[in-house]
Amino acid sequence: MARIVVDPIARIEGHLRIEAQLEGNGIKDAWSSGTMFRGIEMILKDRDPREAWIWAQRICGVCTMVHALASVRAVEDALQIEVPENAQVVRNIIAGSQLLQDHVVHFYHLHALDWVDVVSALRADPGKTASLAQSISNYEKSSPTYFKGIQDRVKALVDSKQLSLFTQAYWGHPAYILPPEVNLMAVAHYLEALEWQKDFIRIHAVLGGKNPHPQTFLVGGMSTALDPNEPFAVVNNENINILRRLVAGAKKFIEQVYIPDVVAIAPFYKEWFKYGEGLGNFLCYGDYTNGSMKDPSKFLFPRGVVFNRDLSTVHPFDPAQVTEFVNHSWYEYKDGDDKGKHPWEGQTHPKYTGPKPPYEFLDVDKKYTWLKAPRYRGKPMEVGPLARMVVGYAAGQPDIKAAVDGLLKALNAPPAVLFSTLGRIAARALETQVMAKHVVDWVELLANNMNRGKVSIFNAAKWDPSSWGASSRGFGFHEAPRGALGHWVDIEGRSIKNYQAVVPTTWNGGPRDTQGQRGAYEAALINTPVAKADQPLEIMRTIHSFDPCIACAVHVVDAKGRPYTKLNIG
Amino acid sequence: MLPSQMDLTGALQESGISRRKILKFCSAMVATLALPDRYLAQVTAAVSKPKKPTLVWLQFQDCTGCSESMLRSSSPDVADVVLDILSWEYHEVVMAASGKQADAALERVVKEEKGKYLVIVEGSIPTAEGGIYCTIGGRTALDIATEVCKNAAATIAVGACAWDGGLVRSTPNPTGAVGVGEAVPGIKLINMPGCPHNPVNTAAVLVHYLTFGDLPAVDQYNRPLFAYGRVIHDQCERRAHFDAGRFVTEWGDDGHRKGWCLYKMGCKGPQATFNCPTAMWNDHTSWPIRAGHGCIACASPRFWDTKSPFYDRLPSVPGFGVEVTAGQIGLGLVGATIAGVTAHGLINIGLRPRTRPSEEAVEAKPAPKKEN
């Protein structure tokens, strides 16, 4: 049996290492390791809870803003603050836009090169590529001249022998099976998507000042003041028109480029509906409402849990049933590593016991990662787009049900195909399509509210810390692009006593627990075929289908931070 | 020496970018760097060479926000950089290769392009416990940074973390994180702080290097003066409101809707040096103060520890009312008084800077109060 190591896994956020045991030409066992640790929650201790979001946002710059949102919600939950509808809607627009942009970038820039052979595109007939593109979409850039231009650019790159970001890849690998014309179309759209994403994300600059790390969240609302008649209000009719243009463009790009590309490429790789199945347990905290976060019945993404691929039952989600294990993680619990701990009791002391660098292999029988192992009712769970579509489908959410049924009908396949590597890709595309429609609606809702004189954006009742009780604690959650995200905050006096984040990639990329149950990545890699051990393209396919984000996934709390000291205010 | 017009056109055609597009980009860069227009031809020639200079981008204790910021750049378009201007051969978040093949790509650059390639570093470098808090391919970040930066022509540290350890280094600095300058002393280095860095500035540094073979002029923190030489408060579009004593006093209040000064809401603009108000973000779309939230001084030294609490008002910013000389606080930082005097002067002589509110608003506001 051969041990394969892939480190770094590129085209993800952060530092991920996969070790896999090969038997024959399939994976017999696998271990997922996060190899970077920062300790942001340690740093948050003793600071002003109103600014926790500014710090927590820096957990990740790819899923930027998702931690800001979970953080303000956690503090609002602790202090019992309801935000005005406009603030909720602006947050929905910002978060929904993040999901749209993130999923498109994931498909083209982080995942496509596992399926698309760039060099093969040189052999394509631009005329046939144009016919193909025109047959699947009305997107205007589809002429033979356009595709010839793209092909010439790729040819110039290859001829220069300076392949830039495409250097040393697995070009020509036998697992690449797309015809040259499909490859050329995908390469063209890789470049188009690069242009589109930076234009679209200007929506975060309008509503957040900049991206990454927009800067307009507040505990109690948003700093995006509304006024139809003020030229310097952040939301006025001029800016509403910019938002309208951007979201309409996004909807068009998703409908005319992203979705048709997924539909065109997937049939070639139908085999991948069989691989990468994983755990079969799915968790969704639920999110996206114009009303109160305390009323999950109104969520666009329904809250719930599905066990063992059983779509007949959606179990209610109980936040008290979340625990984290560290028996395979580089931390120690002072009272022993044999039990999991709820985030409220989360104590974490980093203690590296891995090999001294430089090293060749991790000691996977012992501790082997900076990620903890979260469990729900003791079970490992998958979170993310697939979990949202599975839970939403099982719960009968109309938009999700229609989207999933449409896909299954087109494929002439049962829902079981979703539980796979390709199923994750399809689920991501489906929810992007669903979200695009809602983001358009939220912009109109905001415009209507504003023009009817409903301009409240902030609830000031609890801004002054003297209005807070002696202590409180809150749970803030968000369905981030990569899945269920939870922040737990414990406030004492006017500062943070304890802070914990359990994030999507901790759920998906975490290690084994005390019962030896694998995490979602580890489980999904079992039985994945590997044609060439020195070019494990297939590992990349399944791991990338989860869209890993390791910076998010590693966290710790405890130890002494700087006390929150009140400066001399005039 | 400048190439002849013929050579230049040929080189541009070969690179696949239209002349119009590349001139537009170069003009933007010349403006960002505050170079005289006569340098345009030289800049254009420098970014159009058939053999492209090699760039590698290292990520350590980062959030990838600085990479993402670069991917949001329109000046230049990322696709143009990747395909035409530089040979961008290592960057984990976007490169095609992984594992051994990724290692091989980096190794080739360090060996074969020794002393000639540029390296961008993102994220801090942990030094505690032998550097085990960040490893890539089984090697520590410190080990990799030392090898790659020492063999490079120059290192560009992007973002607060790569500059001085940033958020990761803030109290209690659990991992012994430091910036590149401290982790690998003695290298040719320029710092591009910010959280994240602004890609327009970083592109300008790259272009400056390609054009003149050297890094632009820097301050005592190795930050380029063109981007970090002026105080935000002095360039701020809301400065007139500060001078006139018109402040936001509660989020969402009347003044907030009118775009008044955010000083009382904790804005750190008077203590921040950066070119946000002019360079702005995301294709010149906006910046945090325009979006209604105070500045957190993210390009200032150790800002996470020194500028938080972010919602507490700076204790002693002098200068309320039009009779007080503007820019005094900035004087203490970098001595950049020109912008402040200019904004101030415009108001005094009755011109209307674009931030000035309506006449009614001015009249409705009571006389400025003296505070502190």
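The values are calculated or read from the model by the stated rules, or taken from the named source; none is laboratory data. These numbers come from a predicted model, not from an experiment. Don't worry about glycine lacking a Cβ; one is built from the backbone with ideal geometry, like all the others, and counts go over all protein chains shown. The area values use the complete protein model at the heavy-atom level, side chains included, leaving out ligands, DNA and RNA. Shrake-Rupley method; radii C 1.70, N 1.55, O 1.52, S 1.80 Å.
Values computed for the structure shown
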{"quantity": "The stretch A:354-367, subset free of Cβ contacts under 8 Å to residues at least 40 places away in the same chain and facing chain B (nearest Cβ under 10 Å), residue most open to solvent (accessible area, probe 1.4 Å)", "calculated": "A:Lys356"}
{"quantity": "Residue count, the stretch A:159-186 (criterion: within 11 Å of another protein chain (Cβ to nearest Cβ), buried (at least 16 other Cβ atoms within 10 Å of the Cβ) and not in a loop (DSSP other than H, G, I, E, B))", "calculated": "3"}
{"quantity": "Search result, residues across the stretch B:92-122 that are touching a Ser or Thr at 6+ places or on another chain (Cβ under 7 Å) and closer than 18 Å to A:Ile12 by Cβ", "calculated": "B:Val93, B:Ala97, B:Ala105, B:Glu122"}
{"quantity": "Enumerated strands (runs of 3 or more DSSP E) restricted to the stretch A:1-120, each holding at least 3 residues that are open to solvent by less than 10 Å² (accessible area, probe 1.4 Å) and closer than 23 Å to A:Gly384 by Cβ", "calculated": "A:16-23, A:26-34"}
{"quantity": "Test result for A:Glu230, farther than 23 Å from A:Thr506 by Cβ, open to solvent by 20 Å² or more (accessible area, probe 1.4 Å) and away from chain B (no Cβ under 14 Å)", "calculated": "no"}
{"quantity": "Failed criterion for A:His189 (all others in (1) over 19 Å from A:Leu446 (Cβ atoms); (2) free of Cβ contacts under 8 Å to residues at least 40 places away in the same chain; (3) within 14 Å of chain B (Cβ to nearest Cβ) hold)", "calculated": "(2)"}
{"quantity": "Verdict on A:Arg482 being of a type in the set (Lys, Arg), crowded, with 24+ Cβ neighbours inside 10 Å and touching a residue at least 60 places away in the same chain (Cβ under 8 Å)", "calculated": "yes"}
{"quantity": "Residue in the stretch A:404-441 that is modelled with the lowest pLDDT, counting only those that are open to solvent by 20 Å² or more (accessible area, probe 1.4 Å) and closer than 28 Å to A:Phe200 by Cβ", "calculated": "A:Ala410"}
{"quantity": "Per-region count, the stretch A:200-225, residues more than 7 Å from every other protein chain (Cβ to nearest Cβ) and more than 20 Å from A:Ala56 (Cβ to Cβ)", "calculated": "2"}
{"quantity": "Residue under evaluation B:Ser75, criteria (1) open to solvent by 10 Å² or more (accessible area, probe 1.4 Å); (2) at pLDDT below 90; (3) at the interface with chain A (Cβ under 9 Å from one of its Cβ atoms), criterion not met", "calculated": "(3)"}
{"quantity": "Looking only at the stretch A:226-241, and only at residues there that are of a type outside the set (A, V, I, L, M, F, W, C) and part of a loop (DSSP other than H, G, I, E, B), the one that is modelled with the lowest pLDDT", "calculated": "A:Asn229"}
{"quantity": "Qualifying residues in the stretch A:257-269 (those that are open to solvent by 50 Å² or more (accessible area, probe 1.4 Å) and over 22 Å from the mean Cα position of the chain (by Cα)) - the one farthest from A:Glu538 (Cα to Cα)", "calculated": "A:Pro267"}
{"quantity": "Evaluation of B:Glu107 against (1) open to solvent by 30 Å² or more (accessible area, probe 1.4 Å); (2) touching a helix residue (DSSP H, G or I) at 6+ places or on another chain (Cβ under 9 Å); (3) within 14 Å of another protein chain (Cβ to nearest Cβ) (one fails), failing number", "calculated": "(2)"}
{"quantity": "A:Asn498 vs. criteria touching a residue at least 40 places away in the same chain (Cβ under 8 Å), outside any helix (DSSP H, G or I) and open to solvent by 40 Å² or more (accessible area, probe 1.4 Å)", "calculated": "no"}
{"quantity": "Filter result for the condition that a residue is closer than 21 Å to B:Phe274 by Cβ and not assigned by TED's automatic domain parsing to the domain that holds B:His284, over B:Val184, B:Val178, B:Val207", "calculated": "B:Val207"}
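Matching residues to (1) more than 7 Å from every other protein chain (Cβ to nearest Cβ); (2) in contact with an Asp or Glu (Cβ under 7 Å, 6 or more places away or on another chain):
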{"position": "B:Trp260", "(1), (2)": "yes, no"}
{"position": "B:Gly266", "(1), (2)": "yes, yes"}
{"position": "B:Gln271", "(1), (2)": "yes, no"}
{"position": "B:Ser308", "(1), (2)": "no, yes"}
